[in-house]
Structure formats: C-alpha cells, structure tokens
Amino acid sequence: MPLAVRTVVRGRDRLSPPRRLALTVLVLCQALFLVHWAAFWPALYSPDSFTYVWQVSTGNWVSDHSIAYDSLVWLSLRVTGNLWLLTLLQTVFASVLMADTAVSLHRIGVRARWTVAASAIVVLLPSTGTFFVFVWKDVPYVLGAVLVFSGCVRLAGLGADRTVARPALWRITVGFAAVLVFRNNGYPAIVVVVAGILLLVPGVRLRILVAGVSTTLTALLLTLVVCPSVGVRLPHKDAVIGLNVADIAVSYKESPSSFSSADLAVMEAVAPLSHWRGRAANCWDADWAMAKPMNRPAVAANSSALLSLWTRVLLRTPQDIVGARLCRAQIAWGVTQGPAALAGSTNVKVPWVTPSMMRWTYDHANWSYHGTRITQSPYWRVLQRQHPLSDRLNRLERTYSTRSTAVSTQWIVWRGAIWCYLCYALVLRLARVRRGKVWLVLLLPTLSLQLTVIAANPAQIWRYMTGPLVIGVLALPLATLTRSRDRAFAERLPPAPGVEHHAPPEHEIIAAGQAGG
C-alpha cells in the first residue's frame with residue numbers, strides 16, 4: 001500500500017465515529033455550497049442587500065436592519081472591496097452547523113448515513129442551498145435557529161443525567177444570541193423556546209432561564225444604548241408602523257361603517273381614501289399599502305395619530321386585525337399559495353429566480369426613499385451585476401431554481417409550513433416511541449419561528465420561513481428511529497441518579513448492535 005494511502009487510512013482510524021461523521025458532512029456540504037457560490041459569485045442580492053451597502057458605505061447606519069449584519073457587510077467591503085468574503089463565510093458556518101447537527105442526531109441514535117443524506121438535501125434544494133449565498137441578515141438568523149435545534153437535540157438525549165448539559169446549553173445560548181442580534185423581531189422566538197424547556201426539562205430550568213434573560217438583556221442594551229451612543233439612528237417611523245397601516249386599510253375595506261369622520265381625516269392626511277380601500281386593502285402584502293400614493297414622510301409625521309387609530313380599530317373590530325395578520329402570514333401556516341384570483345401577491349416572493357424580478361431588484365436601487373439612493377455608494381459598481389465564476393453553471397442554477405418555483409413544486413421546495421408540520425409529526429412520533437415528553441423540546445425551535453411569523457409578517461416572503469424549512473429537512477432522519485433502533489441507544493444513556501445499572505444479557509447486546517448497524 002502506498003505511503004500516502006496508509007497515512008490517510010491511519011488518520012481515519014484515529015478519528016472517533018462522531019468526528020468522522022462531522023468531517024464527512026462538513027466536506028460534503030462545503031463542496032456543494034461552493035457550487036452555488038461559484039454560480040452566483042460574489043453574492044445573490046435583494047433590495048435589502050442594497051440598503052445594507054448604502055448604509056455602511058455612506059455613513060448612514062440605521063437600526064431598521066441588523067447592525068451586527070451591517071457590520072459584517074462593512075468588514076467584507078473594507079477587506080476585499082466586495083461581498084464574496086461574507087457569502088463564503090456564510091457557507092462555511094452553514095456547513096459547520098449542519099455537521100454539528102448531524103452529530104447531535106447521531107448521538108440520539110440516528111444512523112450516520114441518514115444525517116449525511118439530510119444535510120446534503122439542505123444544500124441541494126434551491127430554496128435552502130442558494131439561501132446561504134444571499135446578502136441577507138436572515139442567513140445568520142437561520143444559522144442561530146439551527147444551532148438552537150442542535151442544542152435541543154443534545155439536551156433531549158442526555159437521559160436522566162442533566163449534570164452534563166453544558167455543551168447543549170452553550171449551543172442554545174449562542175443560538176439565542178444570533179437570533180436576537182440578527183433580527184429585530186427575534187425576541188418572541190426566544191420566549192417560546194425558553195418557556196418550552198422550562199416545562200419539559202426540569203433539570204436545567206435555572207440555567208436556561210439565565211441564558212434567555214442574559215441574551216435578551218444584552219441584545220436590548222446593544223440596540224437601545226450602545227448603538228445610539230455611537231451614532232446609529234433609529235428607523236424611520238413609517239417603516240416601524242407599516243403593518244399597522246396595512247391593518248387599518250384591511251379593516252376600512254371590511255368594516256367601512258365603523259370609521260368616524262375623525263378617523264377618515266387621519267387617513268386622508270397620508271393617502272387618498274381610494275388607496276385605503278383599494279390597493280392598500282390587499283391583506284396579502286403590506287408593501288402594497290405603503291406604496292404610492294401613500295405619502296411615507298407624512299406617515300412618519302402622523303405616526304402617533306395612526307397608531308391611535310389602529311388601537312381603536314383593534315378594539316372595535318378585532319376580527320379584521322386578526323384576519324389581516326393571518327392572511328399576511330399565510331406563508332407561515334399555508335401549505336399552498338392563496339387564491340390566484342385575489343388582487344395581491346399570494347405567491348412566494350423569490351427576488352432573483354426570474355429575469356423580470358432581477359431587473360426589479362436593480363431598478364429598486366434607484367428608488368428614492370427619504371433622499372437615499374444606492375448610487376451614492378462608492379460600491380455601486382460592485383453591485384451592478386454578478387460576475388459568476390462559471391457562466392454555464394450560473395445558467396444551470398437559474399434554470400433549476402426557476403423551475404422549482406412552479407405551483408406543483410413550490411409547496412414543498414419553497415414554503416416552510418409543510419416542513420413545520422412534518423417536523424412536528426416526527427417529533428411527536430419520537431416522543432411516543434421513547435415514552436418521554438422531554439423529546440418534545442425538538443419541536444420548540446420550529447414552533448417558535450412559525451409563531452413569530454404568524455404574529456407579524458409583511459408579505460409572502462420565503463426567507464421568513466427558511467429556518468423551519470432547513471430544520472425540517474435536517475429532522476427527516478428522526479423517522480428512522482424505531483423501538484429496535486432504540487435498544488442500542490438505551491445502552492448509551494446514563495442511569496438515573498440512585499438507580500443501579502444492570503448490563504443486559506450478551507445476546508441482547510449483539511441484537512442491539514445488529515439493529516444499530
């Protein structure tokens with residue numbers, strides 16, 4: 001045997017099975033991610049991407065988006081003059097976290113082959129594989145959610161001994177921090193996960209409460225104290241109350257007789273009533289309400305009056321507000337798109353897969369909003385067009401992704417709701433098979449993300465449900481866990497405190513090993 005081959009074989013033998021699995025998933029996922037990265041080098045963009053670059057390159061730092069992610073954009077631009085470094089690092093961290101999740105699942109009894117397959121599916125799907133080469137704050141937000149899921153898997157697999165929960169809790173804590181600093185609305189998700197663990201895992205109640213409270217207070221301190229002290233401006237008021245304005249429009253269309261003359265005067269101060277009961281009343285997309293002829297500077301100036309009006313509407317016709325929120329959040333709970341006949345965007349919003357959407361994305365950069373234009377940025381030429389490392393690969397990727405947005409495939413490739421329900425079914429089955437409610441912690445990350453979107457969502461935007469989509473695919477191997485498979489898993493669990501552990505007969509160990517593969 002050649003010396004090089006013997007060296008590789010000996011190196012492989014020195015690696016423990018979990019480390020071999022982690023290395024396999026890491027290398028495989030990164031190799032697949034590099035295909036997406038090369039096809040869309042240096043990055044995939046959305047209108048938000050232009051906003052980030054404009055803010056950090058012209059000194060207009062605003063906390064309407066994640067300041068933490070804006071800082072990463074700034075760092076990539078300063079180091080490379082481009083954004084390829086940021087997107088490359090996003091794929092690397094995604095590969096690392098999928099490797100960690102694969103090991104976590106393997107620790108609770110899932111065969112390595114299934115965890116490798118699930119990780120590969122995440123990268124191969126156009127909705128999740130290309131997601132990680134976007135310049136979007138949602139990317140690290142989703143990575144934080146995946147890390148929380150990995151920590152929950154490890155926490156549930158500890159058996160009766162919670163004294164060794166530190167690795168699991170560190171994963172959950174770091175995941176909390178990412179969720180909070182990379183999206184301004186990450187707080188409800190943390191509350192759901194912390195509350196669920198408090199109910200399901202008694203042995204770590206104090207530690208998980210400390211993790212949730214400490215990360216939340218730190219994020220609030222950064223947002224409310226540190227960022228303003230270094231010159232970061234607060235968001236424009238019209239951006240903050242956009243959903244409230246859309247709610248008012250829906251209620252005005254559904255219950256016009258409930259609006260007084262004073263209410264109508266407040267509404268007419270920012271837009272004609274024809275807009276309020278027309279295009280703005282489309283419950284599927286709040287952006288339609290805030291588009292022209294809505295006077296956004298006037299909305300900012302009249303924000304207090306509009307919020308008071310929204311409160312009155314909520315008290316007298318709460319069904320209109322609830323209906324509007326559920327309609328707008330259909331991407332979070334609906335398996336298929338809404339009725340095509342409705343005058344609104346009921347389809348999943350994917351900003352790059354078609355040439356028309358790509359042109360809209362770049363045209364959006366010239367849109368003047370509060371006097372801002374991306375063309376003022378010294379990096380505008382960098383963003384004007386992509387420079388794929390392979391034009392042929394770029395065409396293949398675009399064709400593959402565009403075809404996957406058809407109605408026949410969109411429900412499973414681009415919509416996260418179906419993956420939420422599948423994840424819940426798999427976790428509930430696992431809890432029944434293993435006769436323990438502690439396994440229900442595995443559904444908490446997905447549930448928290450889904451409820452957050454249902455509570456406040458602007459439109460049918462696929463990226464808001466990418467977290468549940470990724471976690472749902474990674475959770476697929478839970479379907480392979482059966483009672484026979486659990487015999488091998490049970491042997492690895494530490495005994496409960498005070499309970500004497502008796503080794504099973506030799507024939508049972510052999511049977512468990514054969515079942516475990």
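Values quoted throughout were computed directly from the atomic coordinates according to the rules given, and no laboratory measurement underlies them. Everything numeric in this text was worked out from a predicted model, so none of it was measured. Here the Cβ positions follow ideal geometry from the backbone for every residue, glycine too, while neighbour counts run over all protein chains shown.
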Its Cα gyration tensor gives segment 189-274 an equivalent ellipsoid whose semi-axes in whole Å, largest first, are 41, 22, 8
Would you kindly state how much longer the chain becomes between GLN384 and SER214 on full extension, computed as 0.36 nm times their sequence separation minus their alpha carbon distance, in nm to one decimal?
57.0 nm
Taking 0.36 nm per intervening residue step and subtracting the Cα-Cα distance, what contour gain separates ALA298 from SER260 on full extension?
11.6 nm
Over the Cα atoms of segment 50-125, each weighted equally, I'd like the Debye log10 I(q)/I(0) at q = 0.20, 0.24 Å⁻¹, rounded to two decimals.
-0.82, -0.99
How about segment 28-131: which trypsin sites (Lys or Arg not before Pro) there are in a DSSP loop, with at most 10 other Cβ atoms within 10 Å of their Cβ?
none
What's the extension gain from ALA291 to SER229 if we count 0.36 nm per residue and subtract their Cα-Cα distance?
19.1 nm
Would you tally the net charge around PRO468, using a Cβ to Cβ cut-off of less than 13 Å, leaving PRO468 out, and scoring K and R as +1, D and E as -1?
+1
Around ALA239 (Cβ within 9 Å, Cβ-to-Cβ, excluding ALA239; K/R +1, D/E -1) the net charge comes to 0
Viscosity 1.002 mPa s, temperature 20 °C: Stokes-Einstein D of segment 84-229 from its Kirkwood Cα radius, in µm² per second?
132
What FRET efficiency comes out for the pair LEU89/LEU314, r = Cβ-Cβ distance, R0 = 45 Å, nearest 0.05?
0.55
Suppose the Debye formula is applied to equal point scatterers at every Cα of segment 32-160; what is log10 I(q)/I(0) at q = 0.18 Å⁻¹?
-0.95
Rounded to the nearest 0.05, what FRET efficiency do TRP170 and THR480 give with R0 = 30 Å and r taken as the Cβ-Cβ distance? Could you check?
0.65
What do you get when you divide the Cα radius of gyration of segment 283-329 by 2.2 N^0.38 Å, with N the number of residues?
1.25
Taking placed amide H atoms and a strict 5 Å upper bound, the residues 5 or more places from LEU44 or on another chain that come that close are PHE134, VAL135
What is the local net charge at VAL299, summed over the other residues whose Cβ is closer than 15 Å to its Cβ (Lys, Arg +1; Asp, Glu -1)?
-2
